[in-house]
1. Counting Lys and Arg as +1 and Asp and Glu as -1, what is the net charge of the other residues whose Cβ lies under 10 Å from the Cβ of ALA234?
2. Going highest first, how would you order 214-225, 386-397 by mean Cβ packing within 10 Å?
3. What net charge is computed for the residues neighbouring LEU294, neighbours being all others with C-beta under 14 Å from the C-beta of LEU294, Lys and Arg scored +1, Asp and Glu -1?
4. Sorting ILE333, ILE326, ILE398 on the 10 Å Cβ count, fewest up front, what's the list?
5. Highest first, please rank the peptides 165-176, 373-384 by the mean number of other Cβ atoms sitting within 10 Å of their residues.
6. Please tell me which of these pairs span more than 26 angstrom C-alpha to C-alpha: LYS237/LYS300; LYS189/LYS235; LYS345/LYS418; LYS237/LYS293; LYS361/LYS411; LYS301/LYS418?
7. What do you get when you divide the Cα radius of gyration of the range 259-407 by 2.2 N^0.38 Å, with N the number of residues?
8. Once the other residues with Cβ under 13 Å from the Cβ of ILE326 are scored (Lys, Arg +1; Asp, Glu -1), what is the net sum?
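What follows draws every value from the coordinates through simple rules; no lab data is involved. Keep in mind it's a predicted model, so treat the numbers as computed, not measured. Every residue, glycine as well, gets a Cβ built from its backbone with ideal geometry; the counts of neighbours run over all protein chains shown.
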Amino acid sequence: MGSVRGVTGSLRSLSRLYSARAALKYEAAAASQRVKLPAQEFQVSKLPSGLVIASLENYSPTSKIGVFIKAGSRYENAGNLGITHALRLAANMTTKGHSSFKITRGIEAVGSTLSDTVMEYLINVTAAQEFRPWELSALPPRIKVDRAVAFQNPQIAVLENLHSAAYCNALSNSLYCPQYMIGQHTSDKLHEFVQNNFTSGRMALVGLGVNHDILKQVGEHYLNMRSGTGTAGAKAKFRGGDVRSQSSASLVHAAVVAEGIAAGTAEAHAFSVLQHILAPGPYIKRGSNVSSKLHQAIAKKTSDPFDVSVFNANYSDSGLFGIYIISQPGSVIGTALAQIGIIAKGNVTEADIAQAKKQLKAKALMAVETSDGLLDEIGSQVLASGTYIPTSRVLQEIDSVSLNDVENAAKKFVSGKKSMAACGNLENTPFLNEL
């Protein structure tokens with residue numbers, strides 16, 4: 001029996017060898033016939049209506065198309081607060097071209113999702129909403145659940161309160177519908193918001209793996225419905241403030257920020273380098289971030305478990321920069337803030353700058369590694385400025401940041417008006433004016 005098993009094993013080995021040789025011959029033949037496709041340049045054009053068309057033909061087997069619209073919560077007013085939350089959840093409701101049932105079944109039939117995009121449905125939910133009252137009646141329970149699930153996460157609660165404290169308009173509006181506004185968004189209110197904000201001048205149609213001329217034809221035919229820039233949005237006004245939310249949670253979540261820099265500026269890169277000097281964040285799965293300057297400084301002050309990171313958000317006309325701490329009720333916020341003051345006084349080396357630049361450039365490259373990340377990056381840029389800065393140029397701009405630029409960024413934070421939000425057991429957490 002042993003010899004039989006040996007013969008069988010030998011035959012299997014020969015079979016695998018034969019298959020491998022056949023595969024090599026096939027791959028060699030395929031390689032000789034392979035066509036090398038030329039790299040395509042990013043293309044962007046603007047229609048007379050103001051609609052921006054942007055595309056990159058990367059020969060992907062699956063195309064991705066997205067419609068980006070300047071219609072976030074910052075464009076809400078006191079009479080329709082939370083309406084963008086309702087719109088997000090109403091994306092699959094009946095349109096002029098398709099019923100809610102057909103949208104759901106049609107997308108399922110091709111194994112897709114609305115975010116991946118099936119063009120026909122994407123255009124309909126963007127430009128042809130009907131907001132039928134009997135369908136809208138199903139929204140309030142969904143909004144309540146969506147809101148409740150979101151605010152189970154204390155980080156979301158803190159960041160929402162932080163924006164409310166930091167700004168007196170626009171960016172102070174929450175991404176989630178206030179409790180008292182749930183059920184108040186009628187069909188007429190939804191149509192009014194869409195008419196005022198879903199205009200061609202506030203839209204960008206972005207595609208990956210598509211021909212630019214074809215994408216342009218789609219924009220001209222389907223998204224040329226309302227020209228103009230729509231209702232003008234107010235410029236965000238930073239005010240500073242303190243919002244505290246007491247709870248029975250064992251940990252304190254707290255954020256302290258000053259006004260940062262708007263996206264797309266040279267100074268924004270200096271703040272990003274400063275962020276990576278202080279706390280770049282873990283780059284490996286379940287990393288502990290123990291090597292960061294903030295972590296090392298706080299570890300000397302407490303033996304309790306904690307986590308600390310840098311919060312750096314850039315918007316079209318403003319920004320927020322500061323620290324986010326999760327700790328025991330005993331506060332270590334002052335220690336973290338002191339680290340930024342140390343850098344503002346010039347206690348930073350060229351080696352620190354070089355290391356932070358490497359980490360920031362790696363982050364910029366990894367952000368556009370996936371098609372989803374690249375689509376989002378292109379869409380955000382062309383919507384804000386009408387153009388796209390390639391990653392290669394972004395890396396050059398990061399390299400141009402000097403030690404003096406980083407010190408000035410730290411000084412701006414130290415001298416700037418602060419905002420703070422905290423939740424949890426706040427008995428021993430200082431107020432903003434005590435820091």
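1. Cβ neighbours under 10 Å give a net charge of +2.
2. Top to bottom by mean Cβ count within 10 Å: 214-225, 386-397.
3. +1
4. Taking fewest neighbouring Cβ atoms as first place, the list is ILE326, ILE398, ILE333.
5. 165-176, 373-384
6. LYS237/LYS300; LYS237/LYS293
7. Here the answer is 1.09, to two decimals.
8. Summing Lys/Arg as +1 and Asp/Glu as -1 gives -2.
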